[in-house]
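Working notes, beginning with the structure itself.
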Amino acid sequence: MSSLNAKNKDAFHELASEKSGSKGPKARLRNCARPMAPGTAVGGCAFDGAKVALQPITDVAHLIHAPLACEGNSWDNRGAASSGPTLWRTSFTTDLTEIDIVMGHSERKLFKAIREIKDGYAPAAIFVYSTCVTAMIGDDIDVVCKRATDEFALPVVPVNAPGFVGSKNLGNKLAGEALLKHVIGTVEPDEPGLCDINILGEFNLSGEFWQVKPLLDKLGVRVRACIPGDARYLQVASAHRSRAAMTVCSTAFVALARKMQERWDIPFFEGSFYGISGTSEALRRIADLLVKKGADPSLLHRTEILVAEEEEKVWKRLEAYRPRLEGKRVLLNTGGVKSWSVVHALMEIGMEIVGTSVKKSTLEDRERVKQTLKEENLVFESMSPRELFSLLLERKADIMLSGGRTQYIALKAKLPWLDINQERHHAYAGYEGMVQLARQIDLAIHNPMWPQVREPAPWEQALVV
């Protein structure tokens, strides 16, 4: 337990963020996110965070060492998409019972489960997740995984993130620690190149990364590892030979990026593929880092040509939507990188932001929001459903963008709503994603049902007469 506490504190002592990196030690420590007290599971537990962060690695079997209830529905986890294997979508659990726990059979059952998965599914690796129950009874999954690795000649990776140690965000960080300790650097690539990069914290939701990768392919930039979206185990294991990296969801993997920079000299930056200027800036910074690490300087010129071509095409396609969306007022209830990147993307097409949440956002995310909006009162931490409902009406929003949990608040206010979180069915990244985002907002706002919904009900009209 003491080792878990130490790991918990270390995970939140982060010095790699772009804003904090230039400050003194005391200022950096004050600005670090503080871990929640063990036992707190606001917004999800540490186990949930670790599994969410690793499950999109597609050719890996994810084994939950726990009673059955700890494993949920993995089939559509976060809406991440795979271009090949579907093994990651299958649920595996040791399904511990009271008898297993009381009689001390849990570690034996874990080893047996690993063997059954290896024989029945032939995965590239097996990730074993500890949970509250197995951590409290003292199961040593590190030892079991080490024995299974040796006996089966198969990577079996322990992920020590039991739910009670803290928040979902802590679980994200502990997942990165597991990759760094047991996976990254264990395989040497056949053909390392001067234009190899890693993309960290990209989950390929609804296939979003597939709209960005063709742009990198045109530049001759190879994504050695996209962690975790649509990743393969061997790609992650050889990620230490990339020349540069970009972190998309810094809340989850900025610590992993920093430690890879310290260990293997892989420079990184924090960026976003949402919006036109955001995508262009990300491509430019990737090219700049690679050239500084030895790539052909012509990459910078080719990047500018590609950016100019793509921006011209996307602005032409957006001409159909801009007159219909310009001046429309939008409220965002999201967090993380989307708290500023989607705000900037919407402002590019002329929409007015009447508020955005910054829950689960890093300090750097919050600073970017404030710089973009220029008004403090447009930023809020979190709100109760009643407060959110009132805000929609007070600020006369035309649409709300949020996750599925708050959609009914907008519907109760008789306002359009669009899913911007992980459950969405449309990809909004890159230039193509910007067009899709504008299209979906346009469809939602101008749906002919809204004028009808806002009319008095027939029985109410009868009463007025």
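The values are calculated or read from the model by the stated rules, or taken from the named source; none is laboratory data. Quantities reported herein were computed from a predicted structural model and do not represent experimental measurements. Glycine also receives a Cβ, built like all others from the backbone with ideal geometry; neighbour counts cover every protein chain displayed.
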Exercise for the section: Answer yes if at least one residue in segment 325-333 is in contact (Cβ under 8 Å) with a residue 24 or more places away in the chain, crowded, with 19+ Cβ neighbours inside 10 Å and under 24 Å from residue 81 (Cβ atoms), and no otherwise. Expected result: yes
Handout entry: Condition broken by residue 250, with the remaining ones in (1) of a type outside the set (Phe, Trp, Tyr); (2) modelled with pLDDT of 95 or more; (3) in the same structural domain as residue 274 (by TED's automatic domain parsing) satisfied
Key = (2)
Practice task
Mind counting the residues in segment 399-413 that are aliphatic (A, V, I, L, M) and more than 19 Å from residue 351 (Cβ to Cβ)?
Solution key: 2
Practice task
Examine segment 164-187 for a residue that is of a type outside the set (A, V, I, L, M), under 24 Å from residue 286 (Cα atoms) and touching a His at 6+ places or on another chain (Cβ under 9 Å), and state whether such a residue exists.
Solution key: yes
Exercise for the section: Name every residue in segment 407-465 that is in contact (Cβ under 8 Å) with a residue 12 or more places away in the chain, farther than 22 Å from residue 327 by Cα, surrounded by fewer than 18 Cβ atoms within 10 Å (Cβ to Cβ) and not basic (Lys, Arg), in order of residue number. Expected result: 407, 422, 423, 425, 426, 453
Completion exercise
Scanning segment 202-232 for residues that are part of a helix (DSSP H, G or I) and under 18 Å from the mean Cα position of the chain (by Cα), the one surrounded by the fewest Cβ atoms within 10 Å (Cβ to Cβ) turns out to be 210
Practice task
Name, by its number, the condition in (1) at pLDDT 90 or above; (2) over 23 Å from residue 273 (Cβ atoms); (3) buried (at least 18 other Cβ atoms within 10 Å of the Cβ) that does not hold for residue 399.
Solution key: (2)
Handout entry: Residue check for residue 285: more than 23 Å from residue 58 (Cβ to Cβ), among the basic types (Lys, Arg) and either surrounded by fewer than 21 Cβ atoms within 10 Å (Cβ to Cβ) or modelled with pLDDT under 95 (or both)
Key = yes
Practice task
For residue 170, state whether it is touching a residue at least 12 places away in the same chain (Cβ under 8 Å) and over 21 Å from residue 124 (Cα atoms).
Solution key: yes
Problem - Tally of residues being modelled with pLDDT under 70 and among the basic types (Lys, Arg) across segment 352-365 - result: 1
Handout entry: Filter pass, residue 190 being part of a loop (DSSP other than H, G, I, E, B) and either surrounded by 21 or more Cβ atoms within 10 Å (Cβ to Cβ) or touching a residue at least 40 places away in the same chain (Cβ under 8 Å) (or both)
Key = no
Practice task
Please indicate, with yes or no, whether at least one residue in segment 81-104 is charged (D, E, K, R) and closer than 21 Å to residue 421 by Cα.
Solution key: yes
Exercise for the section: Answer with yes or no whether residue 229 is touching an Asp or Glu at 6+ places or on another chain (Cβ under 7 Å), free of Cβ contacts under 8 Å to residues at least 40 places away in the same chain and of a type in the set (Gly, Ala, Ser). Expected result: no
Practice task
Could you check, for segment 433-450, whether at least one of its residues is at pLDDT 90 or above, touching a Phe, Trp or Tyr at 6+ places or on another chain (Cβ under 7 Å), acidic (Asp, Glu) and under 30 Å from residue 306 (Cα atoms)?
Solution key: yes
Practice task
Working only within segment 145-172, note down all residues that are aromatic (Phe, Trp, Tyr) and touching a Gly at 6+ places or on another chain (Cβ under 8 Å).
Solution key: 164
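Each row is one residue, and each column tells you yes or no for (1) at positive phi; (2) at pLDDT 90 or above; (3) in contact with a Pro (Cβ under 7 Å, 6 or more places away or on another chain).
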site: 33; (1), (2), (3): no, no, no
site: 38; (1), (2), (3): no, no, no
site: 47; (1), (2), (3): no, yes, yes
site: 58; (1), (2), (3): no, yes, yes
site: 62; (1), (2), (3): no, yes, no
site: 65; (1), (2), (3): no, yes, no
site: 77; (1), (2), (3): no, no, no
site: 94; (1), (2), (3): no, yes, no
Completion exercise
Selection from segment 308-343 of residues at pLDDT 95 or above and of a type in the set (Gly, Ala, Ser) yields 308
